[in-house]
1. Can you tell me which residues in the stretch 140-159 are in a helix (DSSP H, G or I) and not hydrophobic (A, V, I, L, M, F, W, C)?
2. Please tell me if residue 66 is touching a Phe, Trp or Tyr at 6+ places or on another chain (Cβ under 9 Å), at pLDDT below 95 and in a helix (DSSP H, G or I).
3. Conditions first: (1) farther than 17 Å from residue 49 by Cβ; (2) open to solvent by less than 20 Å² (accessible area, probe 1.4 Å). Residue 152 passes all but one, so which condition is the exception?
4. Just the residues that are without any contact (Cβ under 8 Å) to a residue 40 or more places away in the chain and more than 16 Å from the chain's Cα centre (by Cα), please, taken from the stretch 51-74.
5. Among (1) within 18 Å of residue 41 (Cβ to Cβ); (2) open to solvent by 40 Å² or more (accessible area, probe 1.4 Å), there is one condition residue 55 misses while meeting the rest; what is its number?
6. Specify which of the listed residues (112, 120, 94) is in contact (Cβ under 8 Å) with a residue 40 or more places away in the chain and of a type in the set (A, V, I, L, M).
7. Here are some residues: 111, 95, 77. Which one is under 13 Å from the mean Cα position of the chain (by Cα) and open to solvent by less than 30 Å² (accessible area, probe 1.4 Å)?
8. Taking the stretch 95-124, which residues are under 18 Å from residue 58 (Cα atoms) and part of a loop (DSSP other than H, G, I, E, B)?
Amino acid sequence: MDKFSDIKKTHKVIKKEKVEKINESLIVENIELTDVEAFFSKLFESKEMSHIYHLQTKGEEGSYAKHMALGSYYEDVLDLIDEIIEVYQGQYGIVENYQVIDTSATTKTDVIEYFENLGIHIKENRFKSIKQEDTHLHSLLDDIVCLIYKTLYKLKYNK
């Protein structure tokens, strides 16, 4: 009969091997993303960041309004992201690579600062990612920019 301590050691070895195998499957070659892949990744990041900010909202004054504004953003932006990427892919083909989303910045960056920087990022990088003549795609992107500024309005002025 095995001693409990021996069983425990075996479990640790198996667990370590499983973790190593999982980590191996997560290793991705250093893929340089195209401008459009990085741009779309940033849009997905905004959805995740807003959801985390939404869940981290604490009970200070105006917190319910903040909670609701962020909830509206992450619920609405997904359909807008989905639409622009589907239209883009219908025209140019499937977007293959996206960046891994790191939401740890929610603890370091103020939510208003995040959304202000997001709006600036989109306005500064839209023509690097999407051709200027693709006005139909820019129209869809404008809807996302409008949602960002509508969310900023709610975050700043609705208490």
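The values are calculated or read from the model by the stated rules, or taken from the named source; none is laboratory data. As the structure is a computational prediction, the values presented were derived from the model and not from experiment. Quick reminder, even Gly has a Cβ in these numbers, built from the backbone with ideal geometry, and neighbours come from all protein chains shown. Keep in mind that these areas ignore ligands, DNA and RNA; they rest on the heavy atoms of the full protein, side chains included. Shrake-Rupley method; radii C 1.70, N 1.55, O 1.52, S 1.80 Å.
1. 142, 143, 149, 150, 151, 153, 154, 156, 157, listed by residue number.
2. Judged against the criteria, residue 66 is a match.
3. Among (1) farther than 17 Å from residue 49 by Cβ; (2) open to solvent by less than 20 Å² (accessible area, probe 1.4 Å), residue 152 violates only (1).
4. Hits for the stretch 51-74 are 57, 58, 59, 60, 63, 64, 67.
5. (1)
6. 112
7. Only one candidate qualifies: 77.
8. 108, 109, 110
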